[in-house]
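Below is one structure, written out as structure tokens; comments come after it.
The values are calculated or read from the model by the stated rules, or taken from the named source; none is laboratory data. In this text the structure is predicted, and so the values were computed from the model without any measurement. Glycine gets a Cβ as well: all are built from the backbone with ideal geometry, and neighbour counts include every protein chain shown.
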Amino acid sequence: MTILINKKLSLNILNHNFKEISSELESSLGLLAEHILFDQNEYELKVNLRLISSKEMIKLNGDFRAKELDTNVLSFSAEKDIQKISGELGDIAISMPYIQNESQNLNRGLDDHMMHLLAHGILHLLGFDHKTDQDANIMEAKEIKYLEFFKIANPYLI
């Protein structure tokens, strides 16, 4: 399903099998993507979000990170020349079975957890990472700021 925001695509959601995603959540995810891209001065670009199975995530994680295991979110940035041609910042994959279990273990609502992981994924597409403590602090502060805008609690305090 595609979210149209201000007559412009900010987020393209590919969701073939997961009925847990409500139209309200799809709309909120689209607004979050638009908010982050605008704040980071990348409002001309769009993001593709694919909701996938654990089997698909294990394959992606193995192919791209040499880790044969399920994980919550992976981001794949488009190269700058591809961004200019396609208008796409990149792709984000979220393993729905993984995050359903993870949100229960964290005692968080699935919608809030999805919003957090989308923010996290978009920041990775924009070049942020959490390899060092300093980088992690910067990235987490941005995530917290974007989630607060949507009245979502700091995910690092829960």
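For Phe76, are the conditions met, namely being part of a strand (DSSP E or B), out of contact with any Pro (no Cβ under 9 Å at 6 or more places or on another chain) and not β-branched (Val, Ile, Thr)?
The answer is yes for Phe76.
Within region 115-137, is even one residue in contact with a Pro (Cβ under 8 Å, 6 or more places away or on another chain) and closer than 19 Å to Ala153 by Cα?
Scanning region 115-137 turns up at least one residue that is in contact with a Pro (Cβ under 8 Å, 6 or more places away or on another chain) and closer than 19 Å to Ala153 by Cα.
Would you say Leu51 is closer than 15 Å to Leu123 by Cα, modelled with pLDDT of 90 or more and surrounded by 11 or more Cβ atoms within 10 Å (Cβ to Cβ)?
no
When you scan region 123-135, do you find a residue that is surrounded by 20 or more Cβ atoms within 10 Å (Cβ to Cβ) and assigned to a helix (DSSP H, G or I), even just one?
For region 123-135, residues surrounded by 20 or more Cβ atoms within 10 Å (Cβ to Cβ) and assigned to a helix (DSSP H, G or I): present.
Quick check on this structure: which one of Leu37, Leu11, Leu32 is touching a Gly at 6+ places or on another chain (Cβ under 7 Å), surrounded by 19 or more Cβ atoms within 10 Å (Cβ to Cβ) and either hydrophobic (A, V, I, L, M, F, W, C) or not in a helix (DSSP H, G or I) (or both)?
None of the other options fit; the residue is Leu11.
When region 103-114 is examined, which residues are found to be under 10 Å from Ile152 (Cα atoms) and buried (at least 19 other Cβ atoms within 10 Å of the Cβ)?
Asp112, His113
Do we have Ala93 as surrounded by 21 or more Cβ atoms within 10 Å (Cβ to Cβ), part of a helix (DSSP H, G or I) and out of contact with any Gly (no Cβ under 8 Å at 6 or more places or on another chain) here?
no
Can you spot a residue in region 79-88 that is more than 21 Å from Lys151 (Cα to Cα), in contact with a strand residue (DSSP E or B) (Cβ under 8 Å, 6 or more places away or on another chain) and without any contact (Cβ under 8 Å) to a residue 24 or more places away in the chain?
Among the residues of region 79-88, at least one is more than 21 Å from Lys151 (Cα to Cα), in contact with a strand residue (DSSP E or B) (Cβ under 8 Å, 6 or more places away or on another chain) and without any contact (Cβ under 8 Å) to a residue 24 or more places away in the chain, which makes the answer yes.
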